[in-house]
Structure formats: structure tokens, C-alpha cells
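The structure under discussion appears below in the form of C-alpha cells.
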Amino acid sequence: MRRLLPLLLVLFGWTATVIGANWSNWRGPEQIGVARDRDLPDSWSPKGGKGSNLVWRAPVGSISTPIVQDGQVYIITRTGSGVGRQEMVVALNADTGKQVWQHKFNVWLTDIVFDRVCWAHMAGDPETGNVYSHGTQGLFTCFSKGGKVLWQHSLTEEFGRISGYGGRLPSPIVDEGLVIQPLVCANWGEHTVGGSRFIAFDKRTGKVVWWASGGYPVRDTHYSNPVVAVINGQRLMVAGGGDGCAHAFKVRTGEKVWSYLFSEGGINCTPVVQGNRIWIGHGEENSNGTQGRVICLDASQMVDGKPKKLWEVDGIKVKYASPVLHEGLLYLCDDLGNMFCLDAASGKQLWDFSYGSNTRGSPVWADGKLYVGELDGQFHILKPSKDDCKDLSPPVEFRPKGAVPVEIHSSPAIVNGRIYFTTTEETFCLGKPGHKAKADKARPTPQEKPLPKGAKATHLQVFPADVTLKPGESVELKVRAFDDHGRLIGEVEAEWRTAGPRPPVFPVGAKAPPPPKVKLPPRALAGELSVIKGKGTKLTIAKAPAGQFGQVVASFGGLTGSVRVRVAPTLPYSQNFNNVPLGQVPGGWVNTQGKFTVVRLPDGSLVLSKRNDLSTPLVARANAFISVPWLSDYDVESDVMGTQVGADLPEMGIGACRYSLVLIGKDQELRLVSWDAQKRINEVLKFPHKPNTWYRMKLSVAVRGGKGIVKGKVWPRGQAEPKNWTVEVEDAVPNTEGAPYLYGWSTGIINNAVLGTNIYYANVKVTK
């Protein structure tokens, strides 16, 4: 069949894709939603045949935008049913739509339902051919062109990433040697307080290069994706955040340049940049009572540390779709299927056009047309001008009558004369037969000036910037110097020392809580530093204590830089909290500081207590991750006790390999689940339990013969352990690994003023 393919393409008038032109970023190579291809279709039909302009359709859909790189189309999608519901990355042949490879993975530790899985777009790197995905469960994965997993992080278990019910997840971007991922997270040290942050990885190795944050309080999850451009002479990354701001950072270092607060909610709109000007919008509430806003900023003019606002238009709810900028015109879609055309320089509205009733996908301008999908299952080809707009494409039915509705959440990718887009059920490729028209050249963009001779260092970057080690393990560290424009000067020889973790950084305008009753200086990281050949040092962690936090600080020329060091407990591990200071948490536990704390009960015992004074989901409900996410085949045990406030009882439990065993107070149930929002594994039984009473919980997970054997038991503390398990399940599609954790949801908190239910934990054990 492979030998016949070229002949078939010629017979039907199609030409093979020219490898080299890529759509590796979801907004295109220029990151403004513009393709330079010419001679593209004015109409199409999903039925195929002569005049349909349909090249192929493949039976794999998504709610995210495909990317196209080196002759392959990459999509992250959902797959399966029942216990087999999973997320999947798929590579398709760009010429034929035939599947090249696929990679499936389970979903866990999220409130996102199955229909909202695969929200984040993938990103590609034309230099290496690698592609990157941000999964619903927090798996951040680097794939080779052939589908091999080159490296992977579990953002949830390693860095405390959170996701909201709505499914909104930001997407990565590749720039030079980095792949950068936005996330809302809370973990430890200066990141104890939840924040809208950005993490940059070395695109080849997955090692952390830098962290960045605008420093404002989180308002919501979001999916504004970063763009990179030379602005005012600096190479910057610009993005909206879950904090209602637009931010700019030096892309190589993560240093914040400015933040601009303009929304009462999270930002889902991706900005467009041209020269020193930035256009971005949102669909949330404004302080003046209106909803939706579009702004234009001039980053070459700074006022009070922020870029000058050139204009602002309220009332356009740019809630989901991102704008298109072309030849001085700004095209915007609200969430009700209306397109607006504004003069980019002044913000003056030139026209509006209703093309549908509900929209999430962003338009792409190409060949004098705008290609845009509508949530209600229509893919439109619009013909805009400076004065008006018209729809060239007749309504298209994707499904038979009575079938499940087909939706379009994605944006098109346009490259090599082809238009690729996804519905929730399929992927489509459109193009004219025999397409040969050459694409126009991309617009010229500002270029960064080269590093001047004798440039002075203003920033030190320790690499890697964030590491997780085990007792006795070593890591080599290097330090790089950058100038005031974020340009690399080179590696330098620094002085090194170990230190304790940095204190929590509180958001702008937030009031720090009172200090703990027992205030202790942070303990320096227990480990040794030794000089290595070249300019760097080798850190070797002490074999005790079992877990700790700290940093290694480098000093050079009056500057300092540091690496965050987490030492994670290894198995077997036990913790009775007797050696943990009051008001603190065990060393090496992630997502625990600020949400849990050690307290003394009236009987004199030290226990871990779930925080119960903040109703925000970032704090009220949390998992305290004890160790690393690549553990497998182990048991978790803990004593748990909850209190009652009015009619409210808490949820409390333990977790192993991404399975949770939870006592549900209000329903008097015991639940064993693997995906909070779906009944993939969801064993529930009545289990009466009392407040102010200690119970022992035990969860065992092992993989045998390709199946997960998951067992849980609960009994009153002080009684003999029951011989039989309280609940057992066999998972045909098992979670094979994951970090052990404690779970708690303190209910009954009212307006951050009335304390909710307490949850206490004691005598924690994790054993193989």
C-alpha cells in the first residue's frame, strides 16, 4: 500500500506535503494567527468528492488545536470508554491522515471531566523534531518524532499544579533551548502560596531552567498561552495569567519585566504582539461592572513600571478565542459567535459580524480569508474587508440526525496549502487539488541586538534551577551570567554555599498570616559541596534526614543565584510528626506547606492538621504528596480523625499510585477512586464513621499480570487490623506508579471567617 500512495496522490490531483514548512505553535510561526499560504479553499464539504476540497478526514478528534511539523499532524485527544477512558497523543501522516503512532495515559487527580480532557494544545520544536504535551492529569511529556518518550514530569505531584472543573489548561511554547509551561500551582518554600506561575525546562533534557511569576493573587485557572517577541529591544515572553494580568518576562531568565492588571478573573486570551505593541483581551468581569475587555499596550513607554495603555474597549467578551492581527486590523471573537474588527492603532470598531451562536476556537487569517470554527459544529470561511465581512461557506452537517452533537473547540492550523482542524470526533484536512502556489514571506520582526563586548552581568542563573533528590544522591550545578537585556554572557566561576528554603512569597496586596508560635530559622540544607572540573559544583545530599528542603546559593560579582533543592523521602518511610516542629511540615513533602501544619492535641500528641480557615479550593482541598511520582507497588497507612462543624463533616483519606481511599463524612461512605471527576474506578460502600474518632486507613496498590490490584481497609484505631480488605478492585488499565499522599477537604468554611472541619493525621507509613 505504501508504494501506491504517491500514484494515488497524483491521480486525485494531490501533491505531497513539503517537509520544512511547519505550524509548530498553535497560533502559527508568527504567533499572531496568520498564515502566509495562498490559493486556499473558499468552500468545502465533509462528504468528499470533486469540488469538496477535502483531502482527508481521520476518525480521531480533539478539543485542542493540531500542530503540523515535519510532515506529521500531532493531536492530544481522549479515547476509550468505561474503565478504559484515557488521554492520548496521536501522530498522523499530514498527507493521508493515517496514524503513525499513538501514546495513551490515564487521567488522575483532577476535577476535569472526560468531555473536557485534552484542552491544552501541543507544541513542537522544528530544530529537534520533538513535540510536547501538557496532559489533563499534569503529565508534561517530550516525545520524539517517532513517538518515544524522551523525558517526562508530573506537574501535579512534583510541583502542586492544580486544574479546575472547566478543563482550562494553558499550553507550552518552545523558544530557543527552552520549552515553557504556564501553570497555577503551590508546592514549597517561596512557592508555598498558590500562584499563577511559569516553569521553563531545557527542551532536550527536561531539567528546570527557571521559575517565574507575576506575583499577583490567583483568581482562576486559565489558558492564555505565551508568545515570544523582541519588544523594546528585549527578547520577552508575554502571556496572560490566572491572576487577571498580562505579564512580560525575559525569556531566557524568567526575570519579570512588568505586569499589567486588567481583569477581575483569569485571562484565557493569548496576546498578539507587533513591534512594541501588545493586544490582549478577556471575557470576565471588570471593576466598572461591565464584562469583557480588549486593551492595547505600548511597552516602549513605561508608566509607573507598567506599559502605557494606548486604548481600551469594554463590552467585547473575548472569553475563549484569541485575536488575529493583520495589516493594522484586529479581529476578535466573543463567546456568542460574533466577530469584531477593530482598528489596531485606535481601537475604533469598524464592523461586527455574527457567524454563529457559540464559539471557543480562534480564527486564522490566510489568503484574504478568516478560517474559524464554531462550537455548534460549523467550520466557517469568512471574507473580511475593512468595511464588512461575509460568510463564504454554507452550513455543514458533521453528523447524522439524532447522533451525538459534534463540536469545534479548536483553531485551524494552516501550512503547505492545507488547512487542518479538529472536531470532537474527527480531524479534517482541506486543500485545493494540485495546490502549487508558494506562500508569501512572513512579515519582518524586530531583531535583538547582539551581546556587546564587555557586557556587565546583572543576573545569575543556577542550572538546573529546581531539583528533586533522594538522601545520598548527587547533582552537578553550573551558574550562568546574563546582562540587563537577558542575553547570555556565559558560565562563570562562583562561590557556593548551602542554605535553608526561601520563605513563602505572598501575592501583591495579600496580608501575610501571623508567624507560627514556634518560630525557627530555616535549617540549612544538609549536604556537601565539592568543586568539579570547569565552572561548577557538585552537591551530595546527606543520608539523613529522610526528607528536607533547601537551596544552594551561588555568588559572583555581587550577584546571587540559587537552585531549589527538594530531598524526597525514600521507602520504607514512617512519620509520627514527633520530630517536626510545631507550625511546620515534614521535610520533602510537596503541596503541604500552607495547607497542612503540625499541631499539638490536648492529649499532648503531635499530629498533622489540615488547614481549615480558607475556603478557596487552592487551600481547603489538597493532597500532601509524600515522595516522588515514579514509585510503584507500595502500601500507604495513616491514622485519620475528623471533627464536625454544624452539619458538616470532612473528606479525609490516603492515596497510592494515583488511587484515593477516602472517607466521605457527609455521605458516610468509603470511596476508592482513580479519577475524581469520572467513574473510571469508583468503588463506593456505606461506611458509618464518627467525628472525633481515630480510624486507621490502609491502601495497597500492586500491578500483577498487567492489572492493578488495589485494596483498601479502614478500622477503628486501637483495634486489631482486620484480616479482610474493606474494598478491593482490579483495574484492567492500571496506574502503574505515582506519589503517595494524604488527602483532606475541610468543609464548612464560611467566607474565610468561620472555621471549617478539622482533619488530623498520625502515624504515617509507606512501605513496599
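The values are calculated or read from the model by the stated rules, or taken from the named source; none is laboratory data. None of these values were measured; they are calculated from a predicted model. Note: ideal-geometry Cβ built from the backbone for every residue, glycine included; neighbour counts use all protein chains shown. Areas reflect the complete protein model, heavy atoms only, side chains present, ligands, DNA and RNA absent. Shrake-Rupley method; radii C 1.70, N 1.55, O 1.52, S 1.80 Å.
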Counted residues, the range 196-229 - those being over 24 Å from residue 321 (Cα atoms), touching a Ser or Thr at 6+ places or on another chain (Cβ under 8 Å) and either free of Cβ contacts under 8 Å to residues at least 40 places away in the same chain or open to solvent by less than 20 Å² (accessible area, probe 1.4 Å) (or both): 2
Residue that is farthest from residue 721 (Cα to Cα) [pool: residues in the range 663-677 that are open to solvent by 10 Å² or more (accessible area, probe 1.4 Å) and touching a residue at least 40 places away in the same chain (Cβ under 8 Å)]: 677
Whichever residue in the range 521-539 is surrounded by fewer than 18 Cβ atoms within 10 Å (Cβ to Cβ) and in contact with a Leu (Cβ under 8 Å, 6 or more places away or on another chain) and, among such residues, is nearest to residue 254 (Cα to Cα): 538
Matching residues in the range 710-768 - criterion: being of a type in the set (Val, Ile, Thr) and in a strand (DSSP E or B): 710, 714, 727, 729, 750, 754, 759, 764, 766, 767
Unmet requirement for residue 753, which otherwise passes all of (1) of a type in the set (Gly, Ala, Ser); (2) at pLDDT below 95; (3) buried (at least 21 other Cβ atoms within 10 Å of the Cβ): (3)
Strands (runs of 3 or more DSSP E) wholly inside the range 272-338 that include at least 1 residues being of a type in the set (Gly, Ala, Ser): 277-285, 291-303
Filter result for the condition that a residue is closer than 25 Å to residue 397 by Cα and assigned to a strand (DSSP E or B), over 55, 89: 55
Unique residue being in contact with a Gly (Cβ under 9 Å, 6 or more places away or on another chain) and at pLDDT below 95 when the list is 154, 163, 144: 163
Every residue from the range 51-95 that is over 25 Å from the mean Cα position of the chain (by Cα), more than 25 Å from residue 33 (Cβ to Cβ) and open to solvent by 30 Å² or more (accessible area, probe 1.4 Å): 51, 59, 82, 93
So residue 479, is it β-branched (Val, Ile, Thr), closer than 30 Å to residue 625 by Cβ, open to solvent by 10 Å² or more (accessible area, probe 1.4 Å) and in a strand (DSSP E or B): no
Residue check, residue 605 among the small types (Gly, Ala, Ser), farther than 24 Å from residue 470 by Cα and open to solvent by less than 20 Å² (accessible area, probe 1.4 Å): no
Filter result (among the charged types (D, E, K, R) and either surrounded by fewer than 22 Cβ atoms within 10 Å (Cβ to Cβ) or more than 28 Å from residue 409 (Cα to Cα) (or both)) within the range 147-195: 148, 157, 158, 168, 175, 176, 190
Qualifying strands (runs of 3 or more DSSP E) (wholly inside the range 197-258; at least 3 residues being not hydrophobic (A, V, I, L, M, F, W, C)): 234-240
Neighbours by Cβ (under 9 Å, 6+ apart or cross-chain): first from the range 409-424, closer than 15 Å to residue 376 by Cα; second open to solvent by less than 10 Å² (accessible area, probe 1.4 Å) and of a type in the set (Phe, Trp, Tyr): 410/421; 411/371; 411/421; 421/371; 421/379; 421/428; 422/428; 423/379
Matching strands (runs of 3 or more DSSP E) fully within the range 385-430 where at least 3 residues are open to solvent by less than 20 Å² (accessible area, probe 1.4 Å): 413-415, 418-422, 427-430
The range 431-463 - residue that is assigned to a strand (DSSP E or B) and not aromatic (Phe, Trp, Tyr) and, of those, farthest from residue 481 (Cα to Cα): 462
Which listed residue is open to solvent by less than 10 Å² (accessible area, probe 1.4 Å), in a loop (DSSP other than H, G, I, E, B) and closer than 15 Å to residue 764 by Cβ, from 638, 627: 627
Considering residues of the range 216-246 that are touching a Cys at 6+ places or on another chain (Cβ under 9 Å) and small (Gly, Ala, Ser) only, the residue modelled with the lowest pLDDT: 224
Matching residues, the range 605-622, being farther than 20 Å from residue 748 by Cβ and either in a loop (DSSP other than H, G, I, E, B) or touching a helix residue (DSSP H, G or I) at 6+ places or on another chain (Cβ under 8 Å) (or both): 605
Residue 358 at pLDDT below 95 and under 18 Å from residue 266 (Cα atoms): no
Residue within the range 553-568 that is more than 30 Å from residue 481 (Cα to Cα) and either open to solvent by 20 Å² or more (accessible area, probe 1.4 Å) or touching a residue at least 40 places away in the same chain (Cβ under 8 Å) (or both) present: no
Positions within the range 641-658 being open to solvent by less than 50 Å² (accessible area, probe 1.4 Å) and either farther than 16 Å from residue 761 by Cα or in a strand (DSSP E or B) (or both), in sequence order: 641, 642, 645, 651, 652, 653, 654, 655, 656, 657, 658
